[in-house]
Amino acid sequence: MAGGDDLKLLGAWPSPFVVRVKLALSFKGLSFENVEEDLGNKSELLVSSNPVQKKVPVLLHNGKPICESMVIVQYIDEAFAGTGPSLLSSDPHERAVARFWAAYVDDKLVTSWVQSFRGKTEEDKSEGTKQMFAALQTLEGALRECSKGEGYFGGESVGLVDVSLGGLLSWLNATEEMSGTKIFDPVKTPLLAAWAERLRELDGAKLAFPDKDRMVEFIQKRQAQAAAAAAAAASEK
Amino acid sequence: MAGGEEAGKLQLLGAWMSPFVIRVKVALQMKGLRYEYIEEDLQRKSDLLLRSNPVHKKVPVLIHDGRPVCESLVVLEYVDEAWPKTGPPLLPADPYDRATARFWATYVNNTFFQSWRTLFRSMTAEQRAEAFKNVVPQVETLERAFKECSKGKDFFGGDEVGIVDLALGSFLVWIRVVDELAGTNLLDGEKFPGLATWAERFLAVDAVAVMMPEAGRIMEHYKGFLVKLAAPAGCS
């Protein structure tokens, strides 16, 4: 299927949603052109390819755009069904369970983690952190159930949920480093902690994950910008 | 539901007023699948519901041969995949078209619904006006989506009702009830001709007409909901 397949990824290196797509492409062994977007100055191509949300990631397959990270990941699995491993089981119930947990990562984990960063008050933020840890505890149970004693949510090999959660790993690791608090605590969530280590060692992950120090620097800069903006807004009142 | 397909044991845990449950009911009807429907009292959830959906404790839950499937859009894909030769497909065959359908179903569930929910929960005329103003851009987007997906045919799914039709269509009676109470007209035929005609056509589909709750009943339920919302709560 390789001949004539032109894959272009419009992305931004820090975005966990972009990392998801890179993980899927790498795990499937698909080569692609990586286009780094300046999110402060979005390209014509990005805006015309994703007019609804104007966000990254966007995957262009022979010029046709696909948007929304998990929609893209499933597309990659289906359009390149013969290439590399499948990200979803062939069993309908297992597929449903995987889709359920992938949705959970977005609805509960991402939401709470964003709140822990961007909450308007300290109270908001700590509520976000609390919910994030609760979600991780739930995902620990999910991993136990889905892995069936193997190493990944997908079982023996990576699947949809590994990609969904894996995309977030670099941010979460950087946050761990900055706060000094373990997010994938080997005591509270031993399976997840082991899973995170395992995932990071995969070739596909090494290709997709941003460098940790670069990630920390990026987050610190963002936090400083947010603090400055908040201070400016406060002084205007 | 004559001549229902032998599906193995199928149960649907639902609540009559829930658009998310309606999606699944219509899909099962379209597929001609026989199932046991269990109406849940959401104030007093059954053990079966709590066991079957321990994470969210919500309806709908489809239980097939004892194995639960949760989250309405996940259930729709499951129904399509577990009974591939039965009834019309809910998702297209082509991977690119499938991605387009999933994109819009996600948009309806996340972007549109989050926005419309604010309108639904509005208690004053002021709140309603503000919320309504914020939903209109999403309806504009969906009008364009309809043109793109339908390609001149009747539904987002083309000739047949598909996952996007079910995702958005399940809200239609609710949209109309909220409109009636608020004096608004969200799917205005003049501004959104595509969606307005699509809505009529969707509601007229046999499987939909059979499963949609009655507007009067929804209105009563909505009024009760608004009263509860306005009542000073201890903590919520």
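Test A:ALA196 against the stated conditions and say whether it is more than 18 Å from the chain's Cα centre (by Cα) and assigned to a helix (DSSP H, G or I). When the stated conditions are applied, A:ALA196 does not pass them.
For every residue, the table says whether it meets (1) of a type outside the set (Asp, Glu); (2) more than 27 Å from B:GLY87 (Cβ to Cβ); (3) within 13 Å of chain A (Cβ to nearest Cβ).
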{"residue": "B:GLN29", "(1), (2), (3)": "yes, no, no"}
{"residue": "B:TYR37", "(1), (2), (3)": "yes, no, no"}
{"residue": "B:ASP41", "(1), (2), (3)": "no, yes, no"}
{"residue": "B:ASN53", "(1), (2), (3)": "yes, no, yes"}
{"residue": "B:LYS57", "(1), (2), (3)": "yes, yes, yes"}
{"residue": "B:ILE63", "(1), (2), (3)": "yes, no, yes"}
{"residue": "B:PRO68", "(1), (2), (3)": "yes, no, yes"}
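Within the set B:ARG201, B:ARG217, the sole residue that is exposed (fewer than 14 other Cβ atoms within 10 Å of the Cβ), assigned by TED's automatic domain parsing to the domain that holds B:GLN138 and under 23 Å from B:SER72 (Cβ atoms) turns out to be B:ARG217.
Checked against (1) surrounded by fewer than 14 Cβ atoms within 10 Å (Cβ to Cβ); (2) basic (Lys, Arg); (3) within 11 Å of chain A (Cβ to nearest Cβ), B:ARG98 passes all but a single condition, namely (1). If we scan segment A:131-151, do we find a residue that is modelled with pLDDT of 95 or more, within 18 Å of the chain's Cα centre (by Cα) and of a type in the set (Gly, Ala, Ser)? Scanning segment A:131-151, I find at least one residue that is modelled with pLDDT of 95 or more, within 18 Å of the chain's Cα centre (by Cα) and of a type in the set (Gly, Ala, Ser), so the answer is yes.
In the set B:ARG217, B:ARG201, only one residue is farther than 27 Å from B:ALA93 by Cα and either among the aromatic types (Phe, Trp, Tyr) or at pLDDT 95 or above (or both); that residue is B:ARG217. Considering segment A:51-101, the residues that are at positive phi and in contact (Cβ under 8 Å) with a residue 24 or more places away in the chain include one that is nearest to the other protein chains (Cβ to nearest Cβ), namely A:ASN62. Checked against (1) buried (at least 19 other Cβ atoms within 10 Å of the Cβ); (2) assigned to a loop (DSSP other than H, G, I, E, B), B:TRP16 passes all but condition (1). B:LYS147 falls short on exactly one of the conditions (1) within 14 Å of chain A (Cβ to nearest Cβ); (2) outside any loop (DSSP other than H, G, I, E, B); (3) surrounded by 15 or more Cβ atoms within 10 Å (Cβ to Cβ), and that condition is (3). Scanning segment A:97-120 for residues that are at pLDDT 90 or above and among the polar types (S, T, N, Q), we see that the one that is surrounded by the fewest Cβ atoms within 10 Å (Cβ to Cβ) is A:THR111. Of the numbered conditions (1) surrounded by fewer than 18 Cβ atoms within 10 Å (Cβ to Cβ); (2) assigned to a helix (DSSP H, G or I), B:VAL139 fails exactly one; give the number of that condition. Result: B:VAL139 fails condition (1) only. Residue count for segment B:122-142 satisfying the condition of being under 20 Å from B:VAL173 (Cβ atoms), in contact (Cβ under 8 Å) with a residue 40 or more places away in the chain and in contact with a Phe, Trp or Tyr (Cβ under 9 Å, 6 or more places away or on another chain): 4. Could you check how many residues of segment A:42-55 are over 21 Å from B:PRO137 (Cβ atoms) and either modelled with pLDDT under 95 or surrounded by 15 or more Cβ atoms within 10 Å (Cβ to Cβ) (or both)? Going through segment A:42-55 one residue at a time, the tally reaches 1. The condition (being outside the structural domain of A:GLN74 (by TED's automatic domain parsing) and loosely packed, with under 15 Cβ neighbours inside 10 Å) is satisfied by just one residue among A:GLY149, A:GLY155, A:GLY166: A:GLY149. In this structure, does B:TYR107 turn out to be at the interface with chain A (Cβ under 9 Å from one of its Cβ atoms), farther than 21 Å from B:TRP174 by Cβ and of a type in the set (Ser, Thr, Tyr)? Criteria not met by B:TYR107. Checking each residue in segment B:128-144 for being of a type in the set (Lys, Arg) and more than 14 Å from chain A (Cβ to nearest Cβ) picks out B:ARG128, B:LYS133.
The values are calculated or read from the model by the stated rules, or taken from the named source; none is laboratory data. Fair warning: this is a prediction, and the values are worked out from it, not measured in the lab. Methodologically, a virtual Cβ is constructed for each residue, glycine included, from the backbone with ideal geometry; neighbour enumeration extends over all protein chains shown.
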